[in-house]
1. Looking only at segment 221-246, count how many residues are out of contact with any strand residue (DSSP E or B) (no Cβ under 8 Å at 6 or more places or on another chain) and either part of a helix (DSSP H, G or I) or over 26 Å from F272 (Cβ atoms) (or both).
2. Working carefully through the options R50, R46, R93, R64, find the one that is at pLDDT below 95 and either on the phi > 0 side of the Ramachandran plot or of a type outside the set (S, T, N, Q) (or both).
3. Find the helices (runs of 4 or more DSSP H) located wholly in segment 3-117 whose residues include 2 or more that are over 24 Å from the mean Cα position of the chain (by Cα), and list them.
4. Of the numbered conditions (1) without any contact (Cβ under 8 Å) to a residue 60 or more places away in the chain; (2) assigned to a strand (DSSP E or B), L274 fails exactly one; give the number of that condition.
5. Of the residues A320, A312, A233, which single one is at positive phi and among the hydrophobic types (A, V, I, L, M, F, W, C)?
6. With the condition kept exactly as written, say whether any residue in segment 303-316 is in a helix (DSSP H, G or I) and surrounded by 13 or more Cβ atoms within 10 Å (Cβ to Cβ).
7. What are the residues in segment 330-363 that are within 16 Å of the ligand (Cβ to nearest atom) and surrounded by fewer than 17 Cβ atoms within 10 Å (Cβ to Cβ), if any?
8. Take I116 and tell me if it is within 11 Å of the ligand (Cβ to nearest atom), more than 24 Å from K245 (Cβ to Cβ) and in contact (Cβ under 8 Å) with a residue 12 or more places away in the chain.
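The values are calculated or read from the model by the stated rules, or taken from the named source; none is laboratory data. The shown structure was predicted, so the numbers you read here are calculated from the model rather than taken from an experiment. So basically every Cβ, Gly included, is an ideal-geometry build from the backbone, and we count neighbours across all protein chains shown.
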Amino acid sequence: MAETRKFPHHLIREIFEQPDALRRTIAPRVSLAEGRVCLDQIHISREELRALRRMNIVASGTSRHAGMTGQYMMQELAGVPVDVDYASEFEYRNPMIGRGELSIFITQSGETADTIASQREARRKGSRTIAISNVEGSTIAREADGFIYTHAGPEISIASTKAFTGQMACLFLFALYLGKIKEEVSKELAQQYIGELLALPQKTETILAAAHQVEKLADLYYRVDDFMFLGRAIHYPIAMDGALKLKEVSYIHAEGYPTGEAKHGPNALIDFRLPLLMIATCDRNHAGSVVRYQKNLGNMEGFKKQGATVIALATEGDIAVPQLADHTVFIPAAPELLSPILEIVPLQLFAYYVAAKRGLDVDRPRNLVKAVTLE
Ligand code: BG6
């Protein structure tokens, strides 16, 4: 039963359910001792997966943002080039795909018409297909070659939260699974990542325990009319989803943008009237992350000189970001490819508290539905 016991809305309950949802999605599928990922509903042979030359990820809304993080995970861990598409675009652009390729369709409901139509198109063109869904027996899961379920439990609120973090966990599991089959990932690296995956629920609980800090930020900003969310690389999809969450539930105009792109146009908007939320976390063990972190500090300095207000997401223990940003929300350290699963949680909380303070129907925003079953 999906009740709102203890919580005033489904949305906040579902945000707080994420640690358990992640445990159910991750734990049954990994063996730390063996460094193994077990995905027994893929129904595609190891030989076919080993020979994979390209992948497509297709989805709508928040599910597509998960797919965008999956692109980084697959390319880094399995060495396979990945394209990501809006489902509503994929089916109409005569996608150049075919045999020897795998197309992954991500859909919480498993009933989104554009995503179902895209899966049918991909199969028609000879691609193998896998569905990542939160609803067992849904249309997409019945029609794809294989499937990976997020075990998030029923997601009632129109804005997707626990399904989203579950989708990113499933994409990472598949990237690790594929990386091992293609011998890109050693047993030791797999064990390291599995340990980090198993630590995610506890780290999510740490973030949720500090939810009151995010609520205080919402008190300061719930009256604003515009917001810009900025993130680089695998953090850009999280900036996109943070903006989408705020838009969906609070009706504030919010935009997600790649941090490095702000100077090509959007910078003209950035002054004291446009609050920025910048993802400025850093995985000290990941060279690319350290380089991007330094660039983020430079960008933040520039935005502050333009008079902007900056709310930053930083890694626990960071000293430089709080010295530059007006407000800093800390999240526990995690590997670069897994930190997006943690980073979205404060942004979900922010969107919820802002919408609640604006007195809106946070579970059923105007004009939106949970599953768009018509194209
Ligand atoms: C929208 C929902 O209607 O559909 C979003 O409001 C969701 O939350 C999007 O991300 C895609 O839905 P699904 O079920 O295909 O993931």
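1. Adding up the residues that qualify gives 3.
2. Of the residues listed, the single one that is at pLDDT below 95 and either on the phi > 0 side of the Ramachandran plot or of a type outside the set (S, T, N, Q) (or both) is R93.
3. Of the helices (runs of 4 or more DSSP H) lying wholly inside segment 3-117, those with at least 2 residues that are over 24 Å from the mean Cα position of the chain (by Cα) span 46-50.
4. Every condition holds for L274 apart from (2).
5. The conditions single out A233.
6. yes
7. L360, D361
8. Taking the combined requirement at face value, the residue satisfies it.
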